[in-house]
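Structure, as structure tokens:
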2 protein chains.
Amino acid sequence: MNAPHEAPLSTGATPAGNGAADGRRSALLAGLAQILPDAALLWKPEDTVPYECDGLAAYRQVPMAVALPDTEEQVCAILRLCHRLSVPVVPRGAGTSLSGGAMPIAEGLVLSLAKFKRILKVDPHSRTAVVQPGVRNLAISDAAAPFNLYYAPDPSSQIACTIGGNVSENSGGVHCLKYGLTVHNVLRVRAVTMEGEVVVFGSEAPDSPGLDLLAAMIGSEGMLAVVTEVTVRLIPKPQLAQVIMACFDDVEKGGNAVAAVIAAGIIPAGLEMMDKPATAAVEEFVHAGYDLDAAAILLCESDGTPEEVAEEIERMSAVLTASGCTRIVVSQNEAERLRFWSGRKNAFPAAGRISPDYYCMDGTIPRKHIGTLLRRIEEMERKYALRCINVFHAGDGNMHPLILFDGSDQDEWHRAELFGSDILEACVELGGTVTGEHGVGVEKLNSMCVQFSPSERDAFFGVKAAFDPARLLNPDKAIPTLARCAEYGKMHVKKGLLPHPDLPRF
Amino acid sequence: MNAPHEAPLSTGATPAGNGAADGRRSALLAGLAQILPDAALLWKPEDTVPYECDGLAAYRQVPMAVALPDTEEQVCAILRLCHRLSVPVVPRGAGTSLSGGAMPIAEGLVLSLAKFKRILKVDPHSRTAVVQPGVRNLAISDAAAPFNLYYAPDPSSQIACTIGGNVSENSGGVHCLKYGLTVHNVLRVRAVTMEGEVVVFGSEAPDSPGLDLLAAMIGSEGMLAVVTEVTVRLIPKPQLAQVIMACFDDVEKGGNAVAAVIAAGIIPAGLEMMDKPATAAVEEFVHAGYDLDAAAILLCESDGTPEEVAEEIERMSAVLTASGCTRIVVSQNEAERLRFWSGRKNAFPAAGRISPDYYCMDGTIPRKHIGTLLRRIEEMERKYALRCINVFHAGDGNMHPLILFDGSDQDEWHRAELFGSDILEACVELGGTVTGEHGVGVEKLNSMCVQFSPSERDAFFGVKAAFDPARLLNPDKAIPTLARCAEYGKMHVKKGLLPHPDLPRF
């Protein structure tokens, strides 16, 4: 990730004369030394700096210390210690999150689950796998491959991101249109509360008594409990998958084609869109075979039995053609299919390759307005004299415009911020939301003030208090306080960001 | 429902001299009269008695009053009034629930949603319907039928039960093995908190910021908020559905066949089991065409395109034959298919027809142990000298043994209770749970003490407090207090009911 830095970096060292903080730090390190071996405890600035940010490197903070436990007992003991000392804790997986959710707290501990990387069980009969939170997303599918099964949600970072992080952020991916988000593919989560108690959410059974808090835990951005074990659903690999690359001479036509495919009653296995600047950036980098003359391309995947795929490819092709598509290329083998997808999955690194920095947006809009939004973004490029490349999870209207800029140029960064704000306002105006799948973290706290009412935010805090009454677990992320919203309201509420009547709530 | 009565029935009249309660009752009725027209407010015992119980008629209590609002504004005003007066409120749909969840409170108000029966929108493009909570489950599918769509969850009571009640209990049905429970088919719930504030859970978008509390709301047994609007997912009617009636000469073989079908990677659209006493009771009543010589029958449904159905029926038939099935009958037309299902759906009324009373259990077990459990129930029938007829949602291991007895014979009722307790202990011992889909209500409060730890129950109460800090909305249902569990622990904890290590938690 290339994104703007805040200078100068904090070293995490406590200022001279701050006796209380120093005392707490000493007590924490002494306590942790009783729980963990030396190698599993980092506290020198040179060791803790690598943990200063997540994938959204715009926000940085070095923590007081980093703990790397490898047993659940150690996690319980660490949390009990921090609870007793009132030290805030930020859980961390691979740190690939994009909203500052895993950004440390100066006077806090980072609790890394990096050593929890065992696959405990792959059961082909129940089609489940039980894994530790530090297992990489793709490693689950690798382990299930001998049984012809796989784990469906596939974030672009799946080679690096971990299932614990996926649970915390409710991660999606290019195939989630058909196969669902993390919340639809996780059956059970074992976790530890800030008070050091083990709790289990969900089960392998279809229903169980008690409040169903599994979905609340998934996507809770590390605020309710620290994940120590995850049971995921595995699904059979389709017999065949083929992807269409459909080319358009106009971005708006491409956007409208997305709505037309869904309106025809087709749920493609993947439905992604990239505009010309995006394909140009990617093609140079990974040689995906994209049509560089097209103003926009759609990737539409079909999977199933050979008969189902043939029938669906034919139906999708007809709809795309009727929507003004100028060219259709269907992948002829698995290598070609993976090459088409490799371009989409490498769009972010490709952007990093052609620009010193980029600012990734994560808004959602109703599918029928994709074309309109793309047209508006073109106008904004002229207004702010900045380039923007567009990659979309088009099928579910979740778009990721990447605004390109040079962070060393203060004026460019300022224009990029305004550009991003304009895009999100346009999303809300078109009936969408300011965040799709990257989470709220610290980045979108202010947006939560306009999206949720005070009583709704109170309910969120109430649920958090049910698990973490002392507010020590990843505090000040994801849900803004009343005070913060009051301040934001005075400064920033603009016409376009007032709550939309159709906005989702809980 | 025929089930044991508690005598004498309370009339709901306050004892003479209870001035505080009388005063609160007067204030409540006066306040309600300001909000509702006369016809929408019931307070005379002859009017309130019909609300004294839900489908589990073993528990009865006449409420102080019954309110029948027909607008959300009235619901808000009623809840604000009750909150101000500290009057507990029990929301009620059609009252078909089976665990006493809608049982009134003597000093409380029943808030009936019976008048909320408008279907607000059926949208074939987004495949959703927006309905009021008092709409009957089957009425949604009827409204969607012109678009060739339907609402999948189909509780046996679907002709009478309402979608608001389905949301509160997370209702299943014979097709939920393939199409999911209520929680998998509801996208958005609009509801009113005890403090009279409107809150919205979920959205039509695949993900949204904030904690995902929709799943917690679904199945919360009316304890978090009063449902006023539900957006459901509709799915296309399959081109064809066919059901196999498979006959077995031994219940254990039938049970093992269920596990074999699932292990073969088949997810039937329905997979139900009935034993010989159940088919005998049903056949006399609805003439479903069941094989009365079989020790057990399975109903296995396949749906999809004609080709898919033909292929799946063939595969299922092969597995059933290999599992020792003695006869296979495949429905040859829609009328025959519906006749086969009508027997299963009428099993409860059929039991009421052959016995003065019956006690319906709702345990779950891993599918592989179905045969073992059925064998054990046969032994218990001899031990307690009572008959039990068995109907199962076999595909997901949720069984409903119906213990037949005569409630006017105290000894028979006592034996029925012990019989039921033995069945649930056997479920837990075999790795299952004491309740599948009928909810906890008042009936299974004690079981919650053994299934959940104090800290887990604390978290449930914490979530409830986030919505209803005064604990006025359907209080004392579904989650037992610490004191109740302590008392139960002293009296009742037996070997078989100690928490199983694999028990589901949240």
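Taking R0 as 51 Å, what FRET efficiency do you get between B:Ala335 and B:Thr71 from their Cβ-Cβ distance, rounded to the nearest 0.05?
According to the calculation, E is roughly 0.75.
To the nearest 10 square angstrom, what accessible area does B:Leu424 show with a 1.4 Å probe?
Here the accessible area works out near 30 Å².
List the accessible area buried at the contact between B and A, summed over both sides and calculated with a 1.4 Å probe, in Å² to the nearest 100.
The B and A chains share an interface burying roughly 4100 Å².
Can you list the distances in nanometres, one decimal and ascending, from the B:Phe147 label point to the identical position in each other copy, with the point 7 Å along Cα to Cβ?
3.8
Just going by the charge dipole of the protein assembly as shown, with Lys and Arg at +1 and Asp and Glu at -1 on Cβ, which of A:Gly324, A:Leu473, A:Val130 is farthest out on the positive end?
The listed residue farthest towards the positive side: A:Leu473.
Express the carbon and sulfur contribution to the solvent-accessible surface of the range A:316-448 as a percent, rounded to the nearest whole number, probe 1.4 angstrom.
Carbon and sulfur atoms account for 49 percent of the accessible area of the range A:316-448.
Can you give the calculated 222 nm mean residue ellipticity of chain B, where each DSSP H run of n ≥ 4 adds -39,500 (n - 2.57) and the sum is split over every residue, rounded to the nearest 500 deg cm²/dmol?
It comes out at -11000 deg cm²/dmol, rounded to the nearest 500.
Say each of A:Glu307 and A:Ile267 gets a label point 7 Å from the Cα, pointing the same way as Cα to Cβ; how far apart are those two points in nm?
Between A:Glu307 and A:Ile267, the label points sit 2.1 nm apart.
Which part of the range A:53-92 falls in the paramagnetic zone of A:Ala39, meaning amide N under 15 Å from the point 7 Å along Cα-to-beta-carbon?
It comes to A:68-71, nothing else.
Karplus couplings for the range B:447-453 from phi (6.51 cos²θ - 1.76 cosθ + 1.60, θ = phi - 60°), rounded to Hz, Gly and Pro as x?
4, 5, 5, 8, 7, 10, 7
For the range B:36-93, divide the Cα radius of gyration by the Kirkwood radius and give the resulting Rg/Rh value with two decimals.
Computed over Cα atoms, the ratio is 0.97.
Quick one: pull the percent of accessible area on the range B:119-236 belonging to carbon and sulfur, 1.4 Å probe, ligands and nucleic acids left out.
52 percent
List the residues of the range A:461-477 for which accessible area in the full set of protein chains is at least 30 Å² lower than for the chain on its own; 1.4 Å probe, protein heavy atoms only.
Residues shielded by partner chains are A:Val463, A:Ala466.
Roughly how many debye, to the nearest 20, is the charge dipole of the range B:240-429 about its Cα centre, given +1 on each Lys and Arg Cβ, -1 on each Asp and Glu Cβ, and no other charges?
So the dipole magnitude of the range B:240-429 works out to roughly 160 debye.
Please give the solvent-accessible surface of A:Met316 in Å², to the nearest 10, using a probe radius of 1.4 Å with every protein chain present.
Surface accessible to solvent at A:Met316 totals approximately 0 Å².
From the gyration tensor of the Cα coordinates in the range A:119-236, what semi-axes in whole Å does the equivalent ellipsoid have, largest first, with each one equal to sqrt(5λ)?
Over the Cα atoms of the range A:119-236, the ellipsoid semi-axes are 21, 16, 14 Å.
Which residue, chosen from B:Gly196, A:Ala257, B:Ala295, occupies the Cα position most advanced towards the positive end of the dipole of the protein assembly as shown, where the dipole is computed from +1 (Lys, Arg) and -1 (Asp, Glu) charges on Cβ about the Cα centre?
Going by the Cα projections, it comes out as B:Gly196.
Using +1 on the beta carbon of Lys and Arg, -1 on that of Asp and Glu, and nothing else charged, what's the dipole of the range B:19-112 about the Cα centre, debye to 20?
Dipole about the Cα centre, nearest 20: 260 debye.
I need the inter-copy label distances for A:Leu29: point set 7 Å along Cα to C-beta, values in nm with one decimal, smallest first.
A:Leu29 label point versus its equivalents elsewhere: 7.3 nm.
Restricting attention to the alpha-carbon atoms of the range B:383-496, what are Rg (one decimal) and Dmax (integer), both in Å?
16.2, 48
Given the options A:Thr305, B:Val230, B:Pro366, identify the residue whose Cα lies farthest towards the positive end of the charge dipole of the protein assembly as shown (+1 on Cβ of Lys, Arg; -1 on Cβ of Asp, Glu).
Comparing the listed Cα positions along the dipole, B:Val230 ranks first.
What does the charge dipole of the protein assembly as shown about its Cα centre add up to, to the nearest 20 debye, if the Cβ of each Lys and Arg holds +1 and the Cβ of each Asp and Glu holds -1?
Approximately 1320 debye in magnitude.
Smallest Cβ-to-axis distance in chain A, for the rotation taking A to B: which residue, how many Å?
In residue-and-Å form, the answer is A:Ala215, 2.
Find every distance from the label point of B:Glu204 to the corresponding label point in the other copies (7 Å from Cα along Cα→Cβ) and write them in nm, one decimal, shortest first.
3.8
Order A:Ser331, B:Ser455 by their accessible area, 1.4 angstrom probe, all chains in place, largest first.
Largest accessible area first, the list is B:Ser455, A:Ser331.
Rounded if a/c is under 1.5, else prolate if a/b is larger than b/c, else oblate: which is the range A:199-246, with a ≥ b ≥ c the root eigenvalues of its Cα gyration tensor?
Verdict is prolate for the range A:199-246.
By how many nm would the segment from B:Arg387 to B:Ala21 lengthen if fully extended, with 0.36 nm per residue of separation less the alpha-carbon distance?
Residue separation times 0.36 nm, minus the Cα-Cα distance, leaves 127.2 nm.
Let me know the volume per residue of the alpha-carbon convex hull for the range A:55-203, in Å³.
106 Å³
What are the semi-axes of the equivalent ellipsoid for the protein assembly as shown, taken as the square roots of 5 times the Cα gyration tensor eigenvalues, largest first, in whole Å?
Each semi-axis is the square root of five times an eigenvalue, giving 47, 35, 29 Å.
Could you state the accessible area per residue of the range A:119-236 in Å², with a 1.4 Å probe and every protein chain left in place?
Per residue, the range A:119-236 has 28 Å² of solvent-accessible surface.
Going by accessible area, probe 1.4 Å, with all protein chains left in place, what is the ranking of A:Ser323, A:Ser126, largest first?
The residues order as A:Ser126, A:Ser323, largest area first.
Once the convex hull of the alpha carbons of chain A is built, what does its volume come to per residue, in cubic angstrom?
Value for chain A: 154 Å³ per residue.
The values are calculated or read from the model by the stated rules, or taken from the named source; none is laboratory data. Keep in mind it's a predicted model, so treat the numbers as computed, not measured. Cβ sites come from the backbone with ideal geometry, for glycine too, and all protein chains shown count toward neighbours. SASA here: full protein model, heavy atoms, side chains in, ligands and nucleic acids out. Shrake-Rupley method; radii C 1.70, N 1.55, O 1.52, S 1.80 Å.
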